[in-house]
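Here's the structure we're looking at; comments come further down.
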Amino acid sequence: MADQYAHSGEDKRPTETPAIRWEEPPEGPVLVLLDQTRLPAEEMELVCTDASALVEAIRSLAVRGAPLLGIAGAYGVALAAVRGFDVDEAAAALAGARPTAVNLAVGVRRALGAYRAALAEGGDGRRAAEAALAAARALHREDAEASARMAGHGLALLDELLPAGGHRVLTHCNTGALVSGGEGTAFAVALAAHRAGRLRRLWVDETRPLLQGARLTAYEAARSGMAYTLLTDNAAGSLFAAGEVDAVLIGADRIAADGSVANKVGSYPLAVLARYHHVPFIVVAPVTTVDPDTPDGASIEVEQRAGHEVTEITAPQASVAGAGGGIAVAPLGTQAYNPAFDVTPPELVTAIVTEEGVVSPVTSEALAELCARARRTTAR
C-alpha cells in the first residue's frame, strides 16, 4: 500500500529531499520515496507500506536509476520482513519489476541473503528482519561512498583527457542524486567539475519519451547552480558537428562481461556520434552494475515499455485526455516501438568509471579484474 503527500520543493537542493528513506512512525515502518514522475512541478512523496506498492513505484518510474533501484530492492525485502509478509514472494516480485537494471536484483539478493543467514543461525523473524534492514542500510551507505569515489575518478579522467579545461559535457537521461544514495554517477562527475570551476557547460538531452533529462537532470543542474542547456535528443548531432561537445558522460543500467553497456535509449546514437567526432564517450557506474553472468550485449534483456509513452505526452499537473493518462500526439491505434534502453558495444566506450577505478580500454579481461578487485576490497 502506498500513500502520498506533497510538499514544496522551493529553496531546497536535490539532496535535501532524499530520493529514498526508511522511516519508523508509530503505525509501523515505511519506505518513503520522492515521486520522480511529479518532478519538477512538485515534490511529492510516496509512502510504501508493503513490497507490492514498491513494485508499482518501480514500474511507474516513481523511483528509478540503477543504483537507487538496488537500494530500493534491499529496503523492499526489509519492509516485507519487518511487517511480517512473505519475504521470498516479495523478493521475487521486486527482483522482476524491471529486468534490465541489474542493481535491483543485486540489492534484493543482498537483503534476502542477510535475512536467510540470520534464520539459519537460529534467529527468529524479528532478528532476521533486523539483519535485512541492516543490509539495506549498509548498501545505501556504500552507494553514497561509491558515488563520491566515482566523482573523483571521473573528474581526474576528464582532466587527463581534456587538459585545456573548460569542459563542455553532454549527458543523457538522469544520473544525479535522484538515482543514488549519494550525488549520483555521471552527473556527480559533472558536478565535481562544476565545483572545481572546470565545467563550462552541461548539455542536457531531454531524453524522450519520458523526459528524464528535461524534468530531472535540468532540475538537479539548476539547483546546483550549474551552467546547463537543454536540447532535444536529435539536436545532439549538430552540437558535435559544431565542435561544442568535449565529452559524453552517461550512466548504465547493466554492463555485460564484455563491456557492452545498456543505458537509457538514445545512448548508443551518442556513442556513434562521439566516435565519429573523436569525442570521449565515458560511462560512470558502480561495480554492482557490471554483470559477469551476462556475457555480451546481445544477452542483455531490454525492457519494452508501453506504447502510450510514445503516442501520448504526460506532464505533471497537466490536464490529460489520452488512454494512457496523457495528451494524444498520434492517431488512435498507432503502434509504437518503445525500448527503455539500448546497448552500446565496448569498442565505442572510451572508459568505464567505477568507484574502484577506471577501465580503459574496455575489455572483458579488464572488467573481470575490476570485479575481482572489488570483491577483495569488500572481503576485507
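Every number in this text was worked out from the coordinates using simple rules, so none of it is lab data. Keep in mind the model is a prediction, meaning the values are calculated, not measured. Heads up, the Cβs are rebuilt from the backbone with ideal geometry, glycines too, and the neighbour counts pull from every protein chain shown.
A few comments on the model shown:
- From phi via Karplus (6.51, -1.76, 1.60), per-residue ³J(HN,Hα) for the range 268-285 in Hz, x at Gly/Pro: 4, x, 5, 5, 5, 4, 4, 5, 4, 9, 6, 10, x, 10, 10, 9, 10, 7
- Largest mean-square fluctuation among Leu119, Leu33, Leu178, in a Gaussian network model of the chain whose springs join Cα atoms under 10 Å apart, belongs to Leu119.
- The stretch between Ala328 and Asp293 holds 8.5 nm of extra length on full extension. This uses 0.36 nm per residue minus the Cα-Cα distance.
- Net charge of neighbours whose Cβ lies under 10 Å from the Cβ of Gly166, counting Lys and Arg as +1 and Asp and Glu as -1: +3
- Other-chain or far-sequence residues with amide H under 5 Å of Arg208's (modelled H): Asp233
- Couplings 3J(HN,Hα) of the range 228-240, computed from phi: 9, 9, 8, 9, 5, 4, 7, 8, 4, x, 5, 5, 4 Hz, in residue order, whole Hz [Karplus 6.51 cos²θ - 1.76 cosθ + 1.60, θ = phi - 60°; x for Gly and Pro].
- Placing unit charges on each Cβ (+1 for Lys and Arg, -1 for Asp and Glu) gives the chain a dipole about its Cα centre, and among Thr232, Leu155, Gly125 the Cα reaching farthest toward its positive end belongs to Leu155.
- DSSP beta bridges in the range 145-379 [antiparallel fraction, %, rounded to 5]: 40
- For Ser238 and Ala156, a Förster radius of 35 Å and the Cβ-Cβ distance give a FRET efficiency of 0.70, rounded to the nearest 0.05.
- Within the shell defined by Cβ-Cβ distances under 11 Å, the residues around Ile58 carry a net charge of +2, with Lys and Arg each +1 and Asp and Glu each -1.
- Residue with peak Gaussian network fluctuation, the chain [Cα springs, cutoff 10 Å], from Glu121, Glu145, Glu27: Glu27
- Among Pro280, Pro26, Pro209, residue whose mean-square fluctuation peaks in a GNM of the chain (springs only between Cα atoms under 10 Å): Pro26
- Anisotropy class of the range 2-143 from Cα gyration tensor, a/c 1.5 cut: prolate
- Sequence-separation-based contact order of the chain, relative, with Cα cut under 8 Å and 6+ spacing, percent: 14
- Prolate/oblate/rounded label for the range 108-209 (Cα gyration tensor, a/c 1.5): prolate
- Under a 5 Å amide H cut-off, with hydrogens placed 1.01 Å from N, Glu43 pairs with His7, Gly9 among residues at least 5 apart or on other chains.
- In the chain, the DSSP-assigned H stretches of four residues or longer account for a calculated mean residue ellipticity at 222 nm of -12000 deg cm²/dmol, using -39500 (n - 2.57) per stretch and the full residue count as denominator.
- Computed from the Cβ-Cβ distance with R0 of 45 Å, the FRET efficiency linking Val272 to Ala120 stands at 0.35.
- In order along the range 330-339, the phi-based Karplus estimate (6.51 cos²θ - 1.76 cosθ + 1.60, θ = phi - 60°) of 3J(HN,Hα) comes to 9, x, 4, x, 5, 7, 10, 9, 9, x Hz; Gly and Pro are listed as x.
- Amide proton proximity set for Glu183, modelled H, under 5 Å, gap of 5+: Ala148
- On full extension, the segment bounded by Ala138 and Met1 gains 46.8 nm, given 0.36 nm per residue less the C-alpha separation.
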